[in-house]
Protein chains: 2
Amino acid sequence: MTPRTDPRVARSRATVLRATLDLVAERGIPATTVEAVAERSGVAKTTIYRQWPDRAALVLDAFDTTLDPPTDPDTGTLRDDLVHLLTGLAHALTTGPAAALMPALVDAAQRDPVFAALHRREADRRHRVVLDAITRGIARGELPADTDPADVLDLLAGPLFHRRLISAPELTTDFAHRVVDLVLRAHTTPAPGRPEGQVRPWPIGRGNTVRDADAPRT
Amino acid sequence: MTPRTDPRVARSRATVLRATLDLVAERGIPATTVEAVAERSGVAKTTIYRQWPDRAALVLDAFDTTLDPPTDPDTGTLRDDLVHLLTGLAHALTTGPAAALMPALVDAAQRDPVFAALHRREADRRHRVVLDAITRGIARGELPADTDPADVLDLLAGPLFHRRLISAPELTTDFAHRVVDLVLRAHTTPAPGRPEGQVRPWPIGRGNTVRDADAPRT
DNA sequence: ACGATACGCTACGGATGCGTAGCGAAGATG
DNA sequence: CATCTTCGCTACGCATCCGTAGCGTATCGT
């Protein structure tokens with residue numbers, strides 16, 4: 001495959017996609033016009049239309065070629081895996097292109113079926129590695145056998161998104177550590193109403209440095 | 001104040017704001033054009049411009065007059081307060097106008113300082129009632145004294161947002177119950193590294209009907 | 001009943017964006 | 001070196017939207 005090796009197309013394509021992502025992050029998807037992409041990238045508008053049929057295809061392609069899932073740490077411990085993944089998420093949500101791209105994608109997914117499919121697909125790819133880590137943890141007995149990995153995923157990632165996008169713009173790695181700590185603690189504690197799984201009285205002794213000294217602003 | 005009592009302005013204003021919100025929910029903020037609002041509302045475009053200086057003011061006013069914070073349940077128990085608030089949030093995020101409005105507002109807040117201020121202000125109003133409930137719970141001893149209410153808020157609301165907007169579109173009240181259950185359990189469990197607060201061996205016996213039988217799709 | 005006010009309507013001028021066509025120049029390929 | 005492809009550029013036609021002006025009509029306040 002890929003008999004297309006003309007360096008001109010590859011170069012213009014890469015330049016245009018880069019500029020498109022920058023503009024989406026800065027001004028949002030609807031304001032990312034083809035003419036703005038042409039101006040910023042230095043590539044002529046007609047050249048852009050030679051490689052993409054319309055504006056939607058360009059923006060979609062830009063998202064498509066940039067989002068990539070995190071790497072599976074597989075440290076051997078569920079806690080370390082989750083800390084690794086969650087601090088990585090916290091980092092991606094504060095710095096990195098995803099910081100401004102994610103809200104745009106979520107918003108677009110609410111209305112455009114094409115973006116919804118893209119969003120779903122990329123979220124699945126990202127979540128797979130987290131779900132795998134959780135599943136391994138269950139297999140090792142670090143979580144009860146009846147734990148729903150999907151629940152744990154939302155419990156873990158949700159607070160980071162919420163803090164970043166809704167409650168407070170400050171998102172620290174400390175918070176990611178606390179979230180992992182609390183979610184694991186909740187699941188390794190016998191439930192009040194339901195018969196408990198294995199109880200495992202805390203095999204986790206990591207010094208987790210819970211220093212919370214932030215303004216408790218909402 | 002409010003010496004404006006002309007029923008004509010009140011009527012056109014209400015009609016236009018309603019149509020504006022509908023359009024924002026359907027097509028997003030940037031696609032909510034004044035002409036589209038005029039067409040849908042039946043109010044002439046010139047009339048719209050008589051009450052709002054420009055498009056931004058109209059959209060902003062539409063958000064402003066619609067978002068309202070939840071009511072404080074104050075049931076006497078932290079758990080019941082949180083279940084009430086969280087199921088209310090789950091309901092608002094699935095049905096109701098906020099379902100489609102929230103992503104648009106979050107996205108707009110990332111780029112437009114005016115929308116950022118609105119978002120921050122409305123989020124604060126919403127969060128205040130939750131933080132109050134948490135603070136009352138701490139005062140009653142239902143949570144350790146060193147609990148950070150802002151952390152608990154993100155732990156509670158985050159998973160609902162995440163499930164609704166990112167992982168899976170299905171958001172049930174069951175999930176809200178489970179989140180409250182787990183977050184409370186985590187905080188009323190002695191931490192491994194830190195001296196525990198009061199332990200209170202479960203004053204909660206509510207039959208919370210934890211029936212999880214969903215496809216563990218991400 | 002009668003001024004005052006808000007309304008709907010038509011018609012603008014200006015701007016911006018979409019997507020296309022044609023042409024000469026520059027670079028790639030063999 | 002000769003050919004083929006891509007590129008940049010200018011110039012469109014079409015559509016949409018912004019925000020404003022003017023005018024006649026319906027409605028409100030008194």
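The values are calculated or read from the model by the stated rules, or taken from the named source; none is laboratory data. Note that the structure is a prediction, hence the values are computed from the model and not measured. Don't worry about glycine lacking a Cβ; one is built from the backbone with ideal geometry, like all the others, and counts go over all protein chains shown. All accessible areas refer to the heavy atoms of the entire protein, side chains included, with ligands and DNA or RNA removed. Shrake-Rupley method; radii C 1.70, N 1.55, O 1.52, S 1.80 Å.
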Somewhere in region B:169-188, is a residue in contact with a Leu (Cβ under 6 Å, 6 or more places away or on another chain), open to solvent by less than 20 Å² (accessible area, probe 1.4 Å) and among the charged types (D, E, K, R)?
-> no
Could you tell me whether any residue of region A:70-91 is within 16 Å of DNA strand D (Cβ to nearest atom), of a type in the set (Gly, Ala, Ser) and more than 14 Å from every other protein chain (Cβ to nearest Cβ)?
-> no
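Would you point out which residue out of A:Ala90, A:Ala62 is within 16 Å of DNA strand C (Cβ to nearest atom), surrounded by 14 or more Cβ atoms within 10 Å (Cβ to Cβ), small (Gly, Ala, Ser) and in a helix (DSSP H, G or I)? Spell out how you get there, then give the answer.
Values: A:Ala90 fails: within 16 Å of DNA strand C (Cβ to nearest atom).
The match here is A:Ala62.
Yes/no matrix, rows are residues, columns are (1) closer than 30 Å to A:Arg136 by Cα; (2) touching a Phe, Trp or Tyr at 6+ places or on another chain (Cβ under 7 Å); (3) acidic (Asp, Glu):
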residue	(1), (2), (3)
A:Arg11	no, no, no
A:Leu17	no, no, no
A:Glu26	no, no, yes
A:Thr32	no, no, no
A:Ala36	no, no, no
A:Trp52	no, no, no
A:Asp68	yes, no, yes
A:Thr95	yes, no, no
A:Asp107	no, no, yes
Here are some conditions: (1) in the same structural domain as A:Arg178 (by TED's automatic domain parsing); (2) part of a helix (DSSP H, G or I); (3) open to solvent by 20 Å² or more (accessible area, probe 1.4 Å). A:Gly96 meets all but one. Which one does it not meet?
-> (2)
Of the conditions (1) surrounded by fewer than 16 Cβ atoms within 10 Å (Cβ to Cβ); (2) under 21 Å from A:Ala116 (Cβ atoms); (3) within 12 Å of DNA strand C (Cβ to nearest atom); (4) within 14 Å of another protein chain (Cβ to nearest Cβ), the single one that A:Ile29 does not satisfy is (1)
Find the residue count for region A:111-121, including only residues that are open to solvent by less than 60 Å² (accessible area, probe 1.4 Å) and facing chain B (nearest Cβ under 10 Å).
-> 4
For region B:1-26, what are the residues that are surrounded by fewer than 19 Cβ atoms within 10 Å (Cβ to Cβ) and within 11 Å of DNA strand D (Cβ to nearest atom)?
-> B:Pro3, B:Arg4, B:Thr5, B:Asp6, B:Pro7, B:Arg8, B:Val9, B:Ala10, B:Arg11
Considering region A:28-59 alone, what residues qualify as being under 13 Å from A:Ala14 (Cα atoms), aromatic (Phe, Trp, Tyr) and assigned to a helix (DSSP H, G or I)?
-> none
Scanning region A:1-26 for residues that are touching a Ser or Thr at 6+ places or on another chain (Cβ under 8 Å) and more than 17 Å from A:Phe115 (Cβ to Cβ), which turns out farthest from DNA strand C (Cβ to nearest atom)?
-> A:Arg18
Restricting attention to region B:42-58, does a residue exist that is within 15 Å of DNA strand C (Cβ to nearest atom), closer than 22 Å to A:Pro103 by Cβ and open to solvent by 30 Å² or more (accessible area, probe 1.4 Å)?
-> yes
